[in-house]
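**Student:** Okay, handing you the structure first.
Each reported figure results from applying straightforward, stated rules to the coordinates on display, with no laboratory input. These figures come from a predicted structure and were not determined experimentally. When we count neighbours, we look across all protein chains shown, and the Cβ atoms used for this are built from the backbone with ideal geometry, even at glycine.
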Amino acid sequence: MSDDATPAPKKKGKKKLILLLVGGLVLVGGGVGGGMVAAGMGLGGAKAGEKTDPYAPKLVTRDGQSANPGDVHKPVGSFAPDPRLYKASYYTMDQPFTSNLRDTDGIAQISLGVSTFYDAKVLDGFKDNEMPIRSAVLETLANQDAFVLGTPEGKTALQARLRDAINKVLVDKTGYGGVDDVYFTSFIIQ
């Protein structure tokens, strides 16, 4: 028998494959890194000049001047103007709200007022949309527990829920919120 020696497989193919993989990873990594740098510098449109709505409400300073607009499009609670710097405007709703309370035979009757640190556009939007705001307030009120509303903490939590509900209606109807606080002008639970 003859010794047929089979030649060893060539390692060139493996080296090429490894070089191609490493080169591809370097290119992809460089592209991702370059993209992140460009986005951080604002070249990709990520920080392109934010467009402000010229019709959006503007904060009113204590001296009655309009200030730079706050972000009235953000969810409530994420932006709160400093009351020492800005002037509040108030509006009291004429009719009280009467609603059954959740899981009890009790009813609540409340009267509300609201405040804003923004110009008249917020209160004008509030007045123009009083019917859907009343509906949202009644829905929120009907979802409350009588025992919780009997505590100061429950009343404070209700004020926050009502503020959020009112601002949601305003954002849906006008494109901006802007109600900063809700006040009870009367509060009766039976």
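**Student:** Three principal axis extents, largest first, for the C-alpha atoms of the stretch 72-169, in Å?
**Tutor:** Result, largest extent first: 43, 27, 21 Å.
**Student:** Between PHE147 and THR185, what's the calculated FRET efficiency when r is the beta-carbon distance and R0 is 22 Å? Round to 0.05.
**Tutor:** It comes to 0.45.
**Student:** Relative contact order of the stretch 89-189, please, whole-number percent, based on alpha carbon pairs below 8 angstrom and at least 6 residues apart.
**Tutor:** 37 percent
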